[in-house]
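**Student:** I have a structure here, written as structure tokens, and I will follow up with some questions on it.
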Amino acid sequence: MPFVRISLYRRNGDIARRVGDCVHRAMVETVKIPEGDRFQVVTQHDPGEIVYDPSFLGIERTDGIIVIQITLAAGRSREAKTALYGGIVQLLSSELDVRPEDVFITLLEAPPENFSFGNGEAQFADRLPPHLRQAEQAS
């Protein structure tokens, strides 16, 4: 049930789709979302339209920066989130030659009832998906 926004500077080819593919695959592999649960908006920007600090926290960023914002149902462990960040960076680096320093990720967690997948319904308001049910029972 994640919703993903990806922003990057305009590039040639099918880079937007390929970045989205890497992010989705990392989510399937690390936080165990269903393969078909893919909702993404990928935007490419002209120079100057992505504002970032090139050296915040001692990390040297370039205009190759990719900003990824994931809105996800609350309930994953810190370890799962860390695996997600690492998985995204690993796939972008190995498959698209993206510098790890240029991957900026934010994760926003929301209660499952804050999602509607269509028909004006909150599909998970009264019944959580199995992976979130297990996380809730463990806490």
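The values are calculated or read from the model by the stated rules, or taken from the named source; none is laboratory data. Here the structure is a predicted model, which is why all the values come from computation and not from measurement. Methodologically, a virtual Cβ is constructed for each residue, glycine included, from the backbone with ideal geometry; neighbour enumeration extends over all protein chains shown. To get the accessible areas, we keep the full protein, side chains included, count just its heavy atoms, and leave off ligands, DNA and RNA. Shrake-Rupley method; radii C 1.70, N 1.55, O 1.52, S 1.80 Å.
**Student:** Out of region 92-139, which residues are at pLDDT below 75 and touching a Lys or Arg at 6+ places or on another chain (Cβ under 8 Å)?
**Tutor:** Residues satisfying the conditions are His131, Ala135.
**Student:** Also: Ala74 fails exactly one of the following numbered conditions: (1) surrounded by fewer than 16 Cβ atoms within 10 Å (Cβ to Cβ); (2) at pLDDT 95 or above; (3) touching a strand residue (DSSP E or B) at 6+ places or on another chain (Cβ under 9 Å). What is the number of that condition?
**Tutor:** Unmet condition: (2).
**Student:** If a residue must be touching a residue at least 12 places away in the same chain (Cβ under 8 Å) and outside any loop (DSSP other than H, G, I, E, B), how many such residues does region 56-80 contain? Break it down stepwise before answering.
**Tutor:** Within region 56-80, the subset touching a residue at least 12 places away in the same chain (Cβ under 8 Å) is 59-77, 80.
Those still in the list that are outside any loop (DSSP other than H, G, I, E, B) too: 66-73, 80.
Total meeting the criteria: 9.
**Student:** Return the only residue of Glu101, Glu109 being part of a strand (DSSP E or B), open to solvent by 40 Å² or more (accessible area, probe 1.4 Å) and acidic (Asp, Glu). So that I can check it myself, show each step before the final result.
**Tutor:** Details: Glu101 fails: part of a strand (DSSP E or B).
Of Glu101, Glu109, the one residue that is part of a strand (DSSP E or B), open to solvent by 40 Å² or more (accessible area, probe 1.4 Å) and acidic (Asp, Glu) is Glu109.
**Student:** Here's another thing I want to ask about it. Kindly indicate whether Asp53 is open to solvent by less than 40 Å² (accessible area, probe 1.4 Å) and in a loop (DSSP other than H, G, I, E, B).
**Tutor:** no
**Student:** Would you be able to say whether some residue in region 32-43 is under 24 Å from Phe124 (Cβ atoms) and crowded, with 18+ Cβ neighbours inside 10 Å? Talk me through it step by step, then tell me what you get.
**Tutor:** Within region 32-43, the first condition is being under 24 Å from Phe124 (Cβ atoms), and the residues that meet it are 32-41.
Filter again for crowded, with 18+ Cβ neighbours inside 10 Å, leaving 33, 40.
Looking through region 32-43, at least one residue is under 24 Å from Phe124 (Cβ atoms) and crowded, with 18+ Cβ neighbours inside 10 Å.
**Student:** A follow-up question, please. Go over the candidates Gln69, Gln40 one by one and state the one that is in contact with a helix residue (DSSP H, G or I) (Cβ under 8 Å, 6 or more places away or on another chain) and modelled with pLDDT of 95 or more.
**Tutor:** Numbers: Gln69 fails: in contact with a helix residue (DSSP H, G or I) (Cβ under 8 Å, 6 or more places away or on another chain).
Of the residues listed, the single one that is in contact with a helix residue (DSSP H, G or I) (Cβ under 8 Å, 6 or more places away or on another chain) and modelled with pLDDT of 95 or more is Gln40.
**Student:** Can you tell me which residues in region 5-26 are in contact (Cβ under 8 Å) with a residue 60 or more places away in the chain and touching a His at 6+ places or on another chain (Cβ under 9 Å)?
**Tutor:** If the condition is that a residue be in contact (Cβ under 8 Å) with a residue 60 or more places away in the chain and touching a His at 6+ places or on another chain (Cβ under 9 Å), then Ser7 is the only one that fits.
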